[in-house]
Amino acid sequence: MESLDLFASNFASFAWGPWLVALLLGSGVYFLLRSQLTPFKYLPHAFNVLRGKYSSKSDQGDVSSFKALTASLSGTIGLGNIAGVAVAIQIGGPGAIFWMWVTAIFGIATKFFTCTLSVMYREVDPNGETKAGPMYVIKNGLPKYMLPLAYFFAFFGMIGCLSAFQPNQIVQITRDLYFPEVIYFEYMAGIFLMAITALVILGGLKRIADVSALLVPFMALLYFVSVSVAILLNFELFIPSMSLIFTEAFNGEAALTGGIAGVIITGIRRGAFSNEAGIGTEAMIHGAAKTSHPVRQGLVAMTGPIFDTLVMCTLTALLILVSGVWESSASNGITLTSEAFTTTLGPLGSIILFLCVLSFGTSTIFTQSHYGSVCARFLFGDKAPQVYKYVVILSVGLFSIVSIDFALNLIDGAFAMMAIPTLVSALWLAPKVLEISREYFDNLSANNNRN
């Protein structure tokens, strides 16, 4: 097991070198400037699209824009916002949260471009099922000699979408809170999670979207209200905690390793894990959304980083900081967040967190399994997704018993590899997005003026 941990650690360290950080942030800056801040200008319109104001029965795709967003958010609003934030603070200090914010702000523009492209270049098979994602953008939008980049994405997509972190943290918090003395609890919990996963993912995307649409909004609201109450009860620590995030953002001594570069890379890694902007996963499900125009779904998609990083991650970070457990506890991951809940809200806090972790974690597993299935189909054909789903089910049991470091490093490394083809194709085809966006927004302004 130690050799596996070392391999995963080296893989993630190599993958998340300064070059990838420059690619992620540089792409976001480029998209934002080239679009002249268009994603931010049309945020109100994006929320109108999200609530179905412009939907029509004639829209093509597999799921509604709202379900596409909730399914996408179920892959992002989850343990990356709860346990991932704790990991960021533990490794990079409070300043890592600042760099998560930076990733999210630029990620708004990145998601607009990548998800608009995913709708533009999606395919519909003879059975009427929509196939979308960065690999189809590369296949249908880039020259033929770039096709190996699509296979590169799909290969690492199958690894990155195994949801190693989620079952690991679900089992960890369940054991810590309720079954600390039970021998081999991880194995029993892993088998139970495998059964739940099988029940949902074998039903396909529509069942995943239906479950996500039911779970995510309710549990996100419960989490939002609970953490907000905890912060209000400790409001005198709110300003000092916010100040700490800013002052520590450029303090290299706050990171366990790597100085200020370690703080920045930790924040960006955890930000990418949280909102997945530029990674390409969200493009697979937004590309399958029912929509009459690619830009319309791109607008819906870009609201994701607002919900999952700027709101949910910030709340978790402030909770951990005002509770003080980040300085006094040696715990990691979800256990650290649990201690913050218990410190601020008492025993009720740990129960609320457990329910949220269970819902967020399982819904993320379901959504990520769809992403991986899309990648498997691209690589191996129409029968591959069914085989991949069984691989996911088995992996849920496996990742329930491995170390948190192995689970996190494996997914981090795979995500980094997926970002390369996603961002290369988006940068290449950015002029196409700008062209179709101008057409869309000109028509929107003309219609508004007539009304």
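The values are calculated or read from the model by the stated rules, or taken from the named source; none is laboratory data. Quantities reported herein were computed from a predicted structural model and do not represent experimental measurements. As a convention, Cβ positions derive from the backbone with ideal geometry for all residues, glycine included, and neighbour counts pool all protein chains shown. To get the accessible areas, we keep the full protein, side chains included, count just its heavy atoms, and leave off ligands, DNA and RNA. Shrake-Rupley method; radii C 1.70, N 1.55, O 1.52, S 1.80 Å.
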Hits in the stretch 370-393 - residues which are touching a residue at least 12 places away in the same chain (Cβ under 8 Å) and not in a helix (DSSP H, G or I) = Asp382
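How about the stretch 1-68: which helices (runs of 4 or more DSSP H) wholly inside it have at least 1 residues that are at pLDDT below 80?
Details: elements: 2-15, 18-34, 38-41, 43-50.
Helices (runs of 4 or more DSSP H) meeting the threshold: 2-15, 38-41, 43-50.
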message = Name the residue that is least open to solvent (accessible area, probe 1.4 Å), counting only residues in the stretch 179-197 that are assigned to a helix (DSSP H, G or I) and free of Cβ contacts under 8 Å to residues at least 40 places away in the same chain.
response = Phe185
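Could you please find all residues in the stretch 301-352 being among the β-branched types (Val, Ile, Thr) and under 30 Å from Phe40 (Cα atoms)?
Let us first name the residues in the stretch 301-352 that are among the β-branched types (Val, Ile, Thr), namely 303, 306, 309, 311, 314, 316, 320, 322, 325, 334-335, 337, 342-344, 351-352.
Listed by number, the residues that qualify are Thr303, Ile306, Thr309, Val311, Thr314, Thr316, Ile320.
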remark   = Those residues of the stretch 101-117 that are of a type in the set (Phe, Trp, Tyr) and closer than 21 Å to Ala289 by Cβ come to a total of 2
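Is at least one residue of the stretch 201-219 at pLDDT 85 or above, buried (at least 16 other Cβ atoms within 10 Å of the Cβ) and either of a type in the set (Asp, Glu) or on the phi > 0 side of the Ramachandran plot (or both)?
Applying the first criterion (at pLDDT 85 or above) to the stretch 201-219 yields none.
Scanning the stretch 201-219 turns up no residue that is at pLDDT 85 or above, buried (at least 16 other Cβ atoms within 10 Å of the Cβ) and either of a type in the set (Asp, Glu) or on the phi > 0 side of the Ramachandran plot (or both).
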inquiry  = within 24 Å of Val102 (Cβ to Cβ), touching a Leu at 6+ places or on another chain (Cβ under 6 Å) and open to solvent by less than 20 Å² (accessible area, probe 1.4 Å): is that true of Ala340 in this structure?
reply    = yes
ask   = Using beta carbons and a limit of 7 Å, which pairs, at least six apart or on different chains, have the first residue in the stretch 410-431 and in contact (Cβ under 8 Å) with a residue 24 or more places away in the chain and of a type in the set (A, V, I, L, M, F, W, C) and the second one surrounded by fewer than 24 Cβ atoms within 10 Å (Cβ to Cβ) and not in a helix (DSSP H, G or I)?
value = Ala416/Trp16; Trp428/Leu142
request  = Identify the residue in the stretch 301-321 that is of a type in the set (A, V, I, L, M) and either crowded, with 24+ Cβ neighbours inside 10 Å or not in a helix (DSSP H, G or I) (or both) and, among all such residues, is farthest from the chain's Cα centre (by Cα).
outcome  = Leu321
message = Would you confirm whether or not the stretch 120-135 contains a residue that is in contact with an Asp or Glu (Cβ under 9 Å, 6 or more places away or on another chain) and at pLDDT 90 or above?
response = no
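Working only within the stretch 285-295, note down all residues that are under 13 Å from Phe113 (Cα atoms) and out of contact with any strand residue (DSSP E or B) (no Cβ under 9 Å at 6 or more places or on another chain).
As a first pass, look at the stretch 285-295 and keep what is under 13 Å from Phe113 (Cα atoms): 286-287, 294-295.
Result: His286, Pro294, Val295.
Among the residues of the stretch 413-423, is there at least one that is β-branched (Val, Ile, Thr), on the phi < 0 side of the Ramachandran plot, part of a helix (DSSP H, G or I) and under 20 Å from the mean Cα position of the chain (by Cα)? Walk me through how you get there before you give the answer.
Taking the stretch 413-423 as the starting set, the residues that turn out to be β-branched (Val, Ile, Thr) are 420, 422.
Okay, now just the ones that are also on the phi < 0 side of the Ramachandran plot, so 420, 422.
Within this subset, residues satisfying the condition of being part of a helix (DSSP H, G or I) are 420, 422.
Narrowing the set further to residues that are under 20 Å from the mean Cα position of the chain (by Cα) leaves 420, 422.
There is at least one residue in the stretch 413-423 that is β-branched (Val, Ile, Thr), on the phi < 0 side of the Ramachandran plot, part of a helix (DSSP H, G or I) and under 20 Å from the mean Cα position of the chain (by Cα).
State whether one or more residues within the stretch 265-288 are among the small types (Gly, Ala, Ser), in a helix (DSSP H, G or I) and at pLDDT 80 or above.
Residues of the stretch 265-288 among the small types (Gly, Ala, Ser): 267, 271-272, 274, 277-278, 280, 283, 287-288.
In the following step, the residues that additionally are in a helix (DSSP H, G or I) were identified as 267, 271-272, 274, 283.
Those left that are additionally at pLDDT 80 or above: 283.
The answer is yes; a qualifying residue exists.
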ask   = Does Val325 qualify as being free of Cβ contacts under 8 Å to residues at least 40 places away in the same chain, in contact with a helix residue (DSSP H, G or I) (Cβ under 7 Å, 6 or more places away or on another chain), buried (at least 21 other Cβ atoms within 10 Å of the Cβ) and of a type in the set (Val, Ile, Thr)?
value = yes
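Results for (1) closer than 28 Å to Gly333 by Cβ; (2) assigned to a helix (DSSP H, G or I), shown as yes or no for each residue.
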{"position": "Ile401", "(1), (2)": "yes, no"}
{"position": "Phe406", "(1), (2)": "yes, yes"}
{"position": "Leu410", "(1), (2)": "yes, yes"}
{"position": "Ala430", "(1), (2)": "no, yes"}
{"position": "Leu434", "(1), (2)": "no, yes"}
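Go through Ile105, Ile170, Ile138 for me and flag whichever is open to solvent by less than 10 Å² (accessible area, probe 1.4 Å), of a type in the set (A, V, I, L, M, F, W, C), assigned to a helix (DSSP H, G or I) and closer than 26 Å to Arg270 by Cβ. Walk me through it before giving the result.
Values: Ile105 fails: open to solvent by less than 10 Å² (accessible area, probe 1.4 Å); Ile138 fails: closer than 26 Å to Arg270 by Cβ.
After ruling out the rest, the residue left standing is Ile170.
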query = Looking at the stretch 413-449, which of its residues are open to solvent by less than 10 Å² (accessible area, probe 1.4 Å), at pLDDT 90 or above and of a type outside the set (Gly, Ala, Ser)?
reply = Met418, Pro421, Thr422, Leu423, Leu429, Val433
inquiry  = What's the total number of residues in the stretch 343-373 that are open to solvent by 10 Å² or more (accessible area, probe 1.4 Å) and within 26 Å of Ile231 (Cα to Cα)?
reply    = 13
